[in-house]
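What follows is a set of notes on a single structure, which appears directly below.
The values are calculated or read from the model by the stated rules, or taken from the named source; none is laboratory data. The model shown is predicted, which means the values in this text are computed figures rather than measured ones. For neighbour counting, all protein chains shown are included, and Cβ atoms are generated from backbone atoms with ideal geometry for every residue, glycine included. Keep in mind that these areas ignore ligands, DNA and RNA; they rest on the heavy atoms of the full protein, side chains included. Shrake-Rupley method; radii C 1.70, N 1.55, O 1.52, S 1.80 Å.
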Amino acid sequence: MAKIIINGGRRIHGEVTIGGAKNSTVALIPAAILADSPVKFDTVPQILDVKNLQLILQAMNVSSVFENGELAIDPTKIRESDLPSGAIKSLRASYYFMGALLGRFGRATVTFPGGDNLGRRPIDQHIKGFEALGATVTESNDIIHIDASDHGLVGARVALDTVSVGATINIILAAVKAKGQTIIENAAREPEIIDIATFLNNMGANIRGVGTDTIRIMGVDQLIARNTHTVIPDRIEAGTYMSMAAAFGDGVSIKNVIPEHLESFTSKLIEMGVNLDIGEDTIHVYPSEELQAVAIKTMPYPGFATDLQQPVTPLLLLADGESTIYDTIYPKRVRHIAELRRMGGDISSLKPGEIKINHSARLVGTTVEAAEIRAGAALIIAGIMADGTTVINNADHILRGYDRIQEKLTDLGVDIAIEGIDLINLMP
């Protein structure tokens with residue numbers, strides 16, 4: 001397992017360029033197997049999740065080459081096969097192969113996916129969508145069998161009971177080649193969904209309404225890539241560096257961002273008293289002196305993202321008064337709390353999904369555990385702020401989601417080292 005070592009107390013400055021969105025990339029790669037031609041992506045983040053998805057592609061005889069941020073995938077010789085359970089269980093987003101394989105072959109067999117330890121994330125809305133399209137879904141021993149091979153998938157109206165990014169994307173992947181029209185009601189509106197639909201539409205798909213709560217998909221027979229798809233910037237990575245810069249920066253420019261994707265986050269920073277200069281594709285974070293406590297409630301997009309509630313907590317430790325976070329998306333996303341307390345943070349959770357953060361004048365470096373990606377990001381920020389050395393174990397979780405993090409933090413002036421992993425190939 002990898003570990004990250006940070007010698008804290010050095011304020012950051014300079015600029016950082018945000019990579020392609022992890023949450024887009026992990027859906028775009030499975031979506032690529034729907035193509036009837038080779039495809040290319042650029043600005044792909046160098047993260048462990050990409051490497052694990054390449055292993056899954058390899059098992060299906062789908063070749064992929066990842067160099068200098070460009071990922072080339074050739075699905076033209078794809079074959080059905082058992083997918084590697086190790087790679088499947090290492091990342092939750094592998095469940096997008098359910099929709100992609102169903103759309104490609106009319107059937108799919110996938111081990112129940114893993115990923116962050118936030119409690120088992122239900123896929124009932126995914127299954128509801130697949131069944132509406134005419135598939136039979138069975139589960140045994142954590143293996144999910146989805147089959148519509150006898151009669152094929154047929155468009156249908158799917159009204160999601162809850163807003164779900166994963167279910168929305170999976171139903172799109174399954175429906176894009178189905179017969180007739182599929183309508184998804186109460187669809188998620190995240191920018192990453194627009195990114196996936198843009199990729200598919202550029203290959204000849206007919207998807208309308210993405211970015212609203214009603215999506216209409218008219219099935220097509222063929223998808224042919226005619227250009228390289230550029231992955232949108234990662235709004236969660238951008239928010240993480242904004243929190244870091246506001247907490248312990250002497251002026252940091254965050255480049256390659258889409259400010260509209262961050263409005264709920266930036267509005268909270270401004271409410272706290274953080275001084276921002278928001279440009280067309282750059283946000284400059286000035287040093288902040290007096291910060292005020294705020295109340296944050298995570299919500300589906302365009303609300304405050306659950307993926308940013310943990311990275312913002314070290315910044316909230318600097319605010320005067322008591323801040324509160326209510327995570328309505330993943331109430332169990334609290335495993336950073338005990339680690340921040342060990343570093344001297346006054347933070348607690350007495351009710352599921354409710355976190356209270358009080359002003360903490362000083363953090364002290366120690367050995368902590370990264371339970372998942374965003375908890376690890378919070379610990380990195382705390383380690384930069386802390387006096388002394390912070391050792392973050394289980395750092396593989398962080399490397400799953402943050403592009404070239406050692407390089408970027410070093411350029412900002414952080415004293416950071418990563419041990420136990422080959423960063424060039426991102427393999428343990």
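Remark: the chain carries a charge dipole of roughly 840 debye about the Cα centre, counting +1 on each Lys and Arg Cβ and -1 on each Asp and Glu Cβ. In terms of packing, defined here as the mean over residues of other Cβ atoms within 10 angstrom, the peptides 381-391, 343-353, 177-187 line up highest first as 381-391, 177-187, 343-353. Solvent-accessible surface of the chain, taken per residue with a 1.4 Å probe and all protein chains present: 38 Å². If you add up the charges near residue 63, with Lys and Arg at +1 and Asp and Glu at -1, over every other residue whose beta carbon is less than 9 angstrom from its beta carbon, what do you get? So the environment of residue 63 carries a net charge of 0.
Think of the chain as having a plus end and a minus end, set by charges on the Cβ of Lys, Arg, Asp and Glu; of 52, 343, 135, 135 sits farthest toward the positive end of this dipole. Take the Kirkwood radius over Cα pairs of the range 163-285, plug it into Stokes-Einstein at 37 °C and 0.692 mPa s, and you get 202 µm²/s for translational diffusion. The helix-only estimate of mean residue ellipticity at 222 nm for the chain, built from DSSP H runs of length n ≥ 4 each weighted as -39500 (n - 2.57), is -8500 deg cm²/dmol after division by the residue total.
Taking a ≥ b ≥ c as the square roots of the eigenvalues of the alpha-carbon gyration tensor, the range 269-428 is classed rounded because a/c is under 1.5.
For the range 242-400, the relative contact order works out to 18 percent when only alpha carbon pairs closer than 8 Å and six or more residues apart are counted. Does the range 147-219 come out rounded, prolate or oblate by the C-alpha gyration tensor, with a ≥ b ≥ c the root eigenvalues, rounded set by a/c under 1.5 and, if not, prolate when a/b is larger than b/c and oblate if not? Verdict is oblate for the range 147-219. Mean separation of Cα pairs under 8 Å and 6 or more residues apart, divided by the residue count, gives the chain a relative contact order of 22 percent. Take every DSSP beta bridge whose two residues both sit in the chain; close to 70 percent of them are antiparallel.
Between residue 141 and residue 221, residue separation times 0.36 nm minus the direct Cα-Cα distance comes to 25.4 nm.
Among 169-175, 368-374, the peptide with the highest mean count of other Cβ atoms within 10 Å heads the list, and the full ranking is 169-175, 368-374. Any chance you could give the angle, 0 to 90 degrees and rounded to 10, that helix 96-105 forms with the longest Cα principal axis of the chain? Here the helix axis deviates by roughly 20 degrees. Temperature 20 °C, viscosity 1.002 mPa s: under these conditions the Stokes-Einstein estimate for the range 142-189, based on its Kirkwood radius over C-alpha pairs, is 184 µm² per second. Helix 48-59 and the longest principal axis of the Cα set of the chain meet at an angle near 20°.
Electrostatic bookkeeping for residue 147 treats Lys and Arg as +1 and Asp and Glu as -1; over the other residues with beta carbon under 13 Å from its beta carbon, the sum is -3.
Averaged over residues, the count of other Cβ atoms within 10 Å places the peptides 240-246, 281-287, 302-308, 220-226 in the sequence 240-246, 302-308, 281-287, 220-226, highest first. Assuming R0 = 41 Å, what is the FRET efficiency of residue 151 and residue 422, from their Cβ-Cβ distance, to the nearest 0.05? Calculated transfer efficiency: 0.30. Think of the range 211-327 as a dipole: +1 on every Lys or Arg Cβ, -1 on every Asp or Glu Cβ, centred on the Cα centre; then among 217, 259, 288, 217 lies furthest on the positive end.
Comparing 318, 152, 276 along the charge dipole axis of the chain, the residue lying farthest to the positive side is 152, per the Cβ-charge model.
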